Amino acid sequence: MDIEELATSLLGISAVLEHANSTICGSYSKIFTKVRSFKPGSFEVELASIFTSNGAEAFANVASIVGFVGGSALILRKNLIKMFKQSKGEKVLTKKEINGNNYEITFENCSNPMVVTDEVLRLYENEKIRSDFSRIVRPLKSENMSDITFMSNGIECEKISKDEVDYFKTPEKDPLEEKESIDYFLITQSNFEGKQFGWRISFGDSISDKKPFDFAVKISDDNFLQMVKKRKIKISNEGTIIKAKYRKTIQKHERLSVSWEILDVLDTFELEHHESINKKLNSF
């Protein structure tokens, strides 16, 4: 396994426990997760958690609600992992309180309602925990990984298989702003293999100082990418300008994020000198 994938997954497990503990027990309660050992055979990692304030009983409760451990009455109910798998990660449509601490939930694209505890529902709707779980399951996107299994005292508690990985991805949010337009851009970084990512562009700000402010962009124009790959379009070291239709999307996750996508490259120009690019970039 790629060590970076393993590290990402372990950090996701640690983050889920920390955020779930804070959500259920309060911000004053802390959990720290450490790697105790690696075992041969199927790739196994033994974890140990250090907790403060609430002690072992509170930690066992949190870990059971998530689905990392069993051995309590909570395992018979819907834990967080079970909720992800049954709902397929869909958004909550309705929630109706029943029997005190329980809720009957319905989901988008899922006809069967589900009954879960208030704690499980709060974790499911927690953006940080959704993001944490997407990190946990990331190794399942590689060819050699079939599943991630959580065990406690030799007993399997939950298993996430490769075909369930999309249930745990961070859901897309409706953008705060999305616009499409046409403009001129300076290519500051290229991907000569014809891939969508690995590109950076600029509006040409401060070009006279040779320090344009640039940003990452996804290029979705397959024809342009193939032309670049086949060297039928020259991307100059001195600078290449493109006239392109683009999409700019602003979303709010934990903070505001801006993403850029080139939808259609309409024309390309080689940068011969600063005056010409300023003219191009300022003429539209």
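The values are calculated or read from the model by the stated rules, or taken from the named source; none is laboratory data. In this text, all values refer to a predicted model and were calculated from it rather than measured experimentally. Glycine also receives a Cβ, built like all others from the backbone with ideal geometry; neighbour counts cover every protein chain displayed.
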Modelled with pLDDT of 95 or more and within 26 Å of G194 (Cβ to Cβ): is that true of V228 in this structure?
no
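Restricting to segment 67-104, name every residue that is hydroxyl-bearing (S, T, Y) and at pLDDT below 80.
Of the residues in segment 67-104, the ones hydroxyl-bearing (S, T, Y) are 72, 87, 94, 103.
Within segment 67-104, just S72 meets the criteria.
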Going residue by residue through segment 241-253, is there one that turns out to be outside any strand (DSSP E or B) and in the same structural domain as W199 (by TED's automatic domain parsing)?
yes
Among the numbered criteria (1) in contact with a strand residue (DSSP E or B) (Cβ under 7 Å, 6 or more places away or on another chain); (2) in a helix (DSSP H, G or I), which one does E97 miss?
(2)
Matching residues, segment 134-144, being surrounded by 20 or more Cβ atoms within 10 Å (Cβ to Cβ) and part of a loop (DSSP other than H, G, I, E, B):
V137
Scan segment 187-195 and tell me whether some residue there is part of a strand (DSSP E or B), surrounded by fewer than 13 Cβ atoms within 10 Å (Cβ to Cβ) and in contact with a strand residue (DSSP E or B) (Cβ under 6 Å, 6 or more places away or on another chain).
no
Would a scan of segment 118-133 turn up a residue that is within 22 Å of L6 (Cα to Cα), assigned to a helix (DSSP H, G or I) and among the hydroxyl-bearing types (S, T, Y)?
yes
Please enumerate the residues belonging to segment 151-171 that are at pLDDT below 85 and either part of a strand (DSSP E or B) or in contact with a strand residue (DSSP E or B) (Cβ under 9 Å, 6 or more places away or on another chain) (or both).
M151, S152, I155, E156, C157
